[in-house]
1. From (1) polar (S, T, N, Q); (2) touching a strand residue (DSSP E or B) at 6+ places or on another chain (Cβ under 9 Å); (3) modelled with pLDDT under 95, pick out the condition that doesn't hold for Gln108.
2. Quick one: which residue in Glu193, Glu169 is assigned to a helix (DSSP H, G or I) and closer than 23 Å to Thr259 by Cβ?
3. Say whether the condition of being within 25 Å of Asp121 (Cβ to Cβ), among the basic types (Lys, Arg), more than 31 Å from the chain's Cα centre (by Cα) and at pLDDT 95 or above is met by at least one residue in the stretch 258-281.
4. Does any residue in the stretch 119-138 that is in contact (Cβ under 8 Å) with a residue 60 or more places away in the chain come within less than 6 Å, Cβ to Cβ, of a residue that is in a loop (DSSP other than H, G, I, E, B) and buried (at least 20 other Cβ atoms within 10 Å of the Cβ) six or more places away or on a different chain, and which pairs are these?
5. Only residues that are in a helix (DSSP H, G or I) and surrounded by fewer than 15 Cβ atoms within 10 Å (Cβ to Cβ): list them for the stretch 265-287, please.
6. Within the stretch 243-264, which residues are in a loop (DSSP other than H, G, I, E, B) and of a type in the set (Gly, Ala, Ser)?
7. With the requirement that a residue be closer than 22 Å to Trp249 by Cα and not in a helix (DSSP H, G or I), what does the stretch 200-226 give you?
8. Could you tell me whether any residue of the stretch 138-157 is within 25 Å of the chain's Cα centre (by Cα), hydrophobic (A, V, I, L, M, F, W, C), within 20 Å of Ser287 (Cβ to Cβ) and in a helix (DSSP H, G or I)?
Amino acid sequence: MFLAKNIAKNIAKSCIANLPQRWNPDSGGRQDSMKHRAPSLLERGIRLPLGGYELHLQLRGRPKADTKKAPKKEPKAAPKAAPKKVLEKQFDPSRHQAPFRMHIGPGQHWQKPTAHWIAVDVDPERGDLVIDFNDFTRFPLPDASVVAIYGSHVFEHMSVYATPLVFRECRRILQPGGVLRLILPDAEKSLREYVAGNASFSLFARRRARALQRYGIEYTLFECMREDFLSRSGQKVLGKEALAHQNAWDFETIVADLTRAGFSRVERSAFQGSSNDEFRFEGTYPSEANESDRSLYVEAS
């Protein structure tokens, strides 16, 4: 214990003796910098007499910072986004006879009545003009170049963000007196059947059977009704988890939407009830338009 105390005492004395002074009268009034004096102590170390021996303590200062700059690492290039699948086919209006007619979402069974008709679809195998309406800007057709537009059970597949623009574009390309004919799911009727608890409603029965066959699940009555508003898509071209139905109207609401788009006349119609001969193909091939028990028929001009 005595030896340890002596060593500590001598170390303290030696450190004090070797430390630079804050003020040196011989320096001409300059303040003596600790920065300039400290290295001599670190370089020499401290020598202490210890019972006929000399103990040499070498002090180690803080390691000098490496002044060499590390080479700059080149920033990694951001990974390229996977290219969006292009759902398009070169559209050539010259292949069709003007003035045009347009069928939006014609399905696989429809046959063109004349060369005036342009089929519009997301599937390149079905459409002359291929459009994904949830990524839509405009129809590549001049103003007032179309005399009739037909769409059966297709507009409910467009989002609530897309349909206002699509309706405005339909109005733009229609000639004065041209007609837009829409067949939509009758969402109001589905709601009435649901509230009435009518599990035997033909549409609900078909949906229940399809859900069991495709997904292996037993639909509740609510799920049967909900498909008027939201449903799974079966079109592989849209992706694995795409929606089919994502929009809905009653008659009052479709009138409001079409009026906002610029149509001045909107009327309720019926299956095969159009007075326009351009739509006489309705009911002549397999189509949801034929399901009058669950469809809403509308014409606008």
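The values are calculated or read from the model by the stated rules, or taken from the named source; none is laboratory data. The structure displayed is predicted, hence computed values, not measured ones. Methodologically, a virtual Cβ is constructed for each residue, glycine included, from the backbone with ideal geometry; neighbour enumeration extends over all protein chains shown.
1. The single condition Gln108 does not satisfy is (2).
2. Answer to the check: Glu169.
3. Checked the stretch 258-281: at least one residue is within 25 Å of Asp121 (Cβ to Cβ), among the basic types (Lys, Arg), more than 31 Å from the chain's Cα centre (by Cα) and at pLDDT 95 or above.
4. Matching pairs, first to second residue: Asp132/Val122.
5. Initial filter on the stretch 265-287 (in a helix (DSSP H, G or I)): 277-279.
Result: Asp277, single match.
6. Filtering the stretch 243-264 down to residues in a loop (DSSP other than H, G, I, E, B) leaves 244-250, 261-264.
Of everything in the stretch 243-264, those that are in a loop (DSSP other than H, G, I, E, B) and of a type in the set (Gly, Ala, Ser) turn out to be Ala244, Ala248, Ala261, Gly262, Ser264.
7. The one that is closer than 22 Å to Trp249 by Cα and not in a helix (DSSP H, G or I): Phe201.
8. Going residue by residue through the stretch 138-157, those that are within 25 Å of the chain's Cα centre (by Cα) are 138-140, 153-157.
Applying the additional criterion that residues be hydrophobic (A, V, I, L, M, F, W, C) yields 139, 154-155.
Cutting the leftovers down to within 20 Å of Ser287 (Cβ to Cβ) gives us 154-155.
Still in the running and in a helix (DSSP H, G or I): 155.
Checking the stretch 138-157: at least one residue is within 25 Å of the chain's Cα centre (by Cα), hydrophobic (A, V, I, L, M, F, W, C), within 20 Å of Ser287 (Cβ to Cβ) and in a helix (DSSP H, G or I).
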